[in-house]
């Protein structure tokens, strides 16, 4: 289930991702809008499916920044939408050379159904870091699937963008997926990064 708030965040994400990818190239911006819309559909669908499987709810948001240090007082009073600001600023300052595709974060909560379940490996009610890692990894794996499908359908640009999106979101930083996977499962984190590196080599070899 996706909410209107999430749809709004995804629309903003598609626009800022497309700008970061194209800068001031109008034709590339239009094609990027289509490609990133497809990418986010796969990304969100993968994460929400696994969230449903582990009986939880996932809310997609624009990536924010609030904590800047290790101390309890090291917090800004309000969250800064860094997922919107960083891609735009980097593109402007670098005249389009530097792209940033890490613009989304998510919050995962257990559902009421999960709270009353008492059998199998759901003998506890709280979501663990492993469950968060699974949900986050699902979005990354969905990108690899999309990259393969796009390549087979002769859309190399979509394939490359899906890989780049996966790589940026696997950075273990802030609210990005990479940090959740890192704390939830180091072996899974390592496997996904190996796949990312293989994907990057493949993407760089494409025309």
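No value in this document is a laboratory result; all are computed from the given coordinates. Please read these numbers as outputs of a predicted model, since none were measured by experiment. Heads up, the Cβs are rebuilt from the backbone with ideal geometry, glycines too, and the neighbour counts pull from every protein chain shown.
A few comments on the model shown:
- Helix 186-205 vs. the chain, principal-axis angle (Cα, 0 to 90°, nearest 10): 10 degrees
- Prolate/oblate/rounded call for segment 1-61, Cα gyration tensor, a/c under 1.5 rounded: prolate
- Considering only 162, 153, 142, the Gaussian network model of the chain with Cα springs below 10 Å gives its largest mean-square fluctuation to 153.
- Volume per residue that the Cα convex hull of the chain spans, once the total is divided by residue count, Å³: 144 Å³
- Rough spin-label spacing in nm, given labels placed 7 Å along Cα→Cβ, for residue 145 and residue 198: 1.7 nm
- Candidates 84, 30, 161: whichever shows maximal mean-square fluctuation once the chain is modelled as a Gaussian network with Cα springs under 10 Å: 30
- Each Cα pair under 8 Å and six or more residues apart adds its sequence gap; the mean of these over the residue count of the chain is a relative contact order of 20 percent.
- On Cα atoms only, tilt of 82-93 relative to the major axis of the chain in degrees: 20 degrees
- Extension gain from residue 190 to residue 97, taking 0.36 nm per residue of separation minus the Cα-Cα distance: 30.6 nm
- Ordering 16, 163 from the fewest to the most neighbouring beta carbons within 10 Å gives 16, 163.
- Distance between segment 1-54 and segment 148-207 - C-alpha centres, whole angstrom: 16 Å
- Angle between the chain longest axis and helix 4-22 axis [Cα atoms, degrees, rounded to 10]: 30 degrees
- Taking the number of Cβ atoms within 10 Å of each Cβ as an exposure proxy, the fewest-first ranking of 136, 185, 94 is 94, 185, 136.
- Fewest neighbouring Cβ atoms within 10 Å first, the residues 64, 128 line up as 128, 64.
- Note on segment 153-194: Cα convex hull, mean projected area over all directions, 3.3 nm².
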